[in-house]
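The structure under discussion appears below in the form of C-alpha cells.
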Amino acid sequence: MINIPREAILNFYEAIARYYDRIFPYDPGQKTFTLEAAANAGFTGKLRVLEAGCGSGSLALALAADGHRVDASDFDRGMVSLAKNKRGESDNPSFRELDMRRIADSYLHASYEAVCCFGNTLVHLDGTAGTEEFFTAAKRVLKPGGRLCLQILHYDRILAAGVDRLPLIEDRDIRFDRFYERRHDGRLDFRTVLITPGGDRIENVIPLYPLRRGELETALRRAGFSGWTHFGGFDRSRFGPDSMALVTEAW
C-alpha cells in the first residue's frame, strides 16, 4: 500500500486555502453532471447528495440552493471551515471534517441518490487500495441504483506523454504554477508555486497517486459497481486518448 502522509495534504491546502476559490472557481457543470446522473437512475425532484472532498463547499452550496439535501465532507479542517463560513447560519449543506474512506461510518447507508467526488481528489488516496476502500463506502451509502460521480485528471495520457507541467492558472493578481515530477515509488510529486497579490511566493510539494483508468475500473468492480461510463468532461463529451479529464458515472 502506498501511504500519502496526512501532514502533506493538510500543509498543501493550508498554504492555498485563502486563495482557493480564485484558483479553482466553481464549475456549474459539476452540478449539472450530478443531477443528470441521478436522473439517469430515475431519481428526480429533490435529492439527497453526498459529496466527498468538498473543498470550500461551492458545489454543495449550489445543490443546496436548488433545494437538494446535501451532506459534504473534506479531509482538511481549513477547507471545512471555509465551507461553513460561506454557508452561514443554514444547516444545509452539512459540512464535516472526515476521511472520505470513512463516509459509511458517518452517514446513513442506502440513503443517497448520488455520491460525488470531483476536483482530482481521488489521487490523494493511498493508491488503488484506498480508492477501492472509498468506492466500497460509497456503495454502502448509495440507494439501490444510485450514482457515483467522479472526476480526476487523465493520468494515462499524463504518464504516456510525460506531462510535467499543467496549464498555468492566473486570476488578475495571482499566479498558480503546477508541475509533476516522477518518483521511484510510482507516485508523482505535485509541486506548486503560488504568487500572491502581495508578491509572496508560496511553494509546496505533495505526493499523488496517478490513478489510471484501468485501475479505477478494477476498484469499481471490486467494490460492487456493475457498470460505468467515462466522459472527457462534465459536459459529457466523448472520452478519448487526448482527453484532459476522466469524468465517470458509475452504478
Study note, to complete from the structure: Residue count, segment 73-106, condition over 21 Å from Leu211 (Cβ atoms) and surrounded by fewer than 21 Cβ atoms within 10 Å (Cβ to Cβ), comes to 17
**Study point:** Of residues in segment 10-48 being touching a helix residue (DSSP H, G or I) at 6+ places or on another chain (Cβ under 6 Å) and surrounded by fewer than 17 Cβ atoms within 10 Å (Cβ to Cβ), the one modelled with the highest pLDDT
**Key:** Tyr26
Point to revise | Selection from segment 85-110 of residues that are touching a helix residue (DSSP H, G or I) at 6+ places or on another chain (Cβ under 6 Å) and within 16 Å of Lys143 (Cα to Cα) | key: Ile103, Ala104, Tyr107, His109
Revision key, fill the gap. Residues of segment 160-216 being over 24 Å from Phe239 (Cβ atoms) and of a type in the set (Asp, Glu), in sequence order, are Glu170, Asp171, Asp173, Asp177, Glu181, Asp185, Asp189, Asp200, Glu203
Exercise for review: Being of a type in the set (A, V, I, L, M), touching a strand residue (DSSP E or B) at 6+ places or on another chain (Cβ under 7 Å) and surrounded by fewer than 21 Cβ atoms within 10 Å (Cβ to Cβ) narrows it down to one of Ala110, Ala65, Ala160, so name that one.
Suggested key: Ala110
Check your understanding: From the residues in segment 123-155 that are among the hydrophobic types (A, V, I, L, M, F, W, C), closer than 20 Å to Asp235 by Cα and out of contact with any Cys (no Cβ under 6 Å at 6 or more places or on another chain), which one is surrounded by the fewest Cβ atoms within 10 Å (Cβ to Cβ)?
Key -> Leu153
Review point. Out of segment 220-251, which residues are more than 16 Å from the chain's Cα centre (by Cα), among the small types (Gly, Ala, Ser) and buried (at least 16 other Cβ atoms within 10 Å of the Cβ)?
Key: Ala223, Ser243
Revision key, fill the gap. The condition from (1) closer than 30 Å to Gly145 by Cα; (2) buried (at least 18 other Cβ atoms within 10 Å of the Cβ) that Thr192 misses is numbered (1)
**Study point:** Long-range neighbours under 9 Å by Cβ, at least six apart or interchain, first residue basic (Lys, Arg) within segment 33-54, second outside any loop (DSSP other than H, G, I, E, B)
**Key:** Lys46/Arg69; Arg48/Arg69; Arg48/Val70; Arg48/Asp71; Arg48/Tyr112; Arg48/Glu113; Arg48/Ala114; Arg48/Lys143
Check your understanding: Identify, please: which residue in segment 165-174 is closer than 19 Å to Gly119 by Cα and without any contact (Cβ under 8 Å) to a residue 60 or more places away in the chain and is, among those, surrounded by the most Cβ atoms within 10 Å (Cβ to Cβ)?
Key -> Leu166
Practice item. Can you confirm whether segment 146-162 contains a residue that is of a type in the set (Phe, Trp, Tyr), at pLDDT 95 or above and under 21 Å from Cys54 (Cβ atoms)? Key: no
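The values are calculated or read from the model by the stated rules, or taken from the named source; none is laboratory data. Just so it is clear, the structure is predicted and the values come from calculations on it, not from any experiment. Positions of Cβ are backbone-derived with ideal geometry, glycine not excepted, and every protein chain shown enters the neighbour counts.
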